[in-house]
Amino acid sequence: VGIASGVFSIAQTGLADGRRCAVHWEQFPSFVEQFPCVAAVQAAYEIDGDTYSCSGGDAAFDMFLQFVKEDYESPIANRVCEKATAMTVREPGDRQRLPLHAGAAINHDALLKIIEQMERHIDEPVALEDMAASSRLSRRQVERIFSKQIGRSPARYYLEMRLERAHLLILNSHLPIVEIAMACGFVSASHFSKAYRENYRLTPREARSEAIERRRSGHGTFAAAQAHENRRTSNWQGSGT
């Protein structure tokens, strides 16, 4: 059983090779880079043979109820659910996060399809013309839709998505910067560093060093450092400077 970051420990033993494992979305980029032999998924929890894994948080309760179902059947599990005042219980493979359109207030099917393509091709970015063609739109139409729905150009949105993935890898892994650059679709480490600094006001190495220092001084794990960074970046972007 692996809960939250505990799935890393299971993967290190080799017991999860070839099996589905649920990994928290913040740790997912780091996990897939470190353990390519594991079938990592961004699900609430997963059961593959005798390997149980969950992404943490409420998903641990969902997985616990699955144990109860297996040992005592659904009626008992339902009573446990009622005692815990849980209205819904996720099944293995259910998603961790809200759908994209729920969090971003996006109401355009073609735009959602293009963004999903971007998410699937972080390491090898797809040309905007190709993504537009897959939705039977022109490049200009896609640019207008992005501007209206999101307030940014497709190129900028795609870049920010790749930088966010890189940011997670910097704070949650020990991968070399050049490998992170390649994993996030940048042609060179210098190009990546320049784009990263423009977005986060720190170089990748500075961001990693700062996070490690906070961890050493008792400010929590890389994930906590990331939360701090996200707040700092959000405040900076919100200031309009």
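Coordinate-derived values only; no laboratory data. What you are looking at is a predicted structure, and each value in this text was computed from that prediction instead of being measured. Because the Cβ atoms are built from the backbone with ideal geometry, glycine has one as well, and the counts that use them run over all protein chains shown.
Less than 10 Å Cβ to Cβ from SER138, Lys/Arg counted +1 and Asp/Glu -1: what total charge do the surrounding residues give? Kindly include the intermediate steps, with their values, before the conclusion.
Values: positive: ARG136, ARG139, ARG140, ARG144; negative: GLU129, GLU143.
Its environment carries a net charge of +2.
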(request) Scan around ALA40 for amide H atoms under 5 Å from its own, H built in the peptide plane at 1.01 Å from N, and keep only partners 5 or more places away or cross-chain. (result) CYS21
(request) For region 121-129, take each phi angle, set θ = phi - 60°, evaluate the Karplus expression 6.51 cos²θ - 1.76 cosθ + 1.60, and give the result in whole Hz per residue in order, putting x for glycine and proline. (result) 10, 5, 6, 10, x, 8, 5, 4, 4
(request) Work out from phi, with θ = phi - 60° and the Karplus expression 6.51 cos²θ - 1.76 cosθ + 1.60, the ³J(HN,Hα) of each residue of region 177-189, listed in order in whole Hz, and give x for Gly and Pro. (result) 4, 5, 5, 5, 4, 5, 5, 10, x, 9, 6, 7, 5
(message) With the alpha-carbon atoms as the only input, what is the per residue convex hull volume for region 2-83 in Å³?
(response) 79
(message) What do you get for chymotrypsin sites (Phe, Trp or Tyr not before Pro) in region 104-206 restricted to DSSP loop and a cutoff of at most 12 other Cβ within 10 Å of the site's Cβ?
(response) none
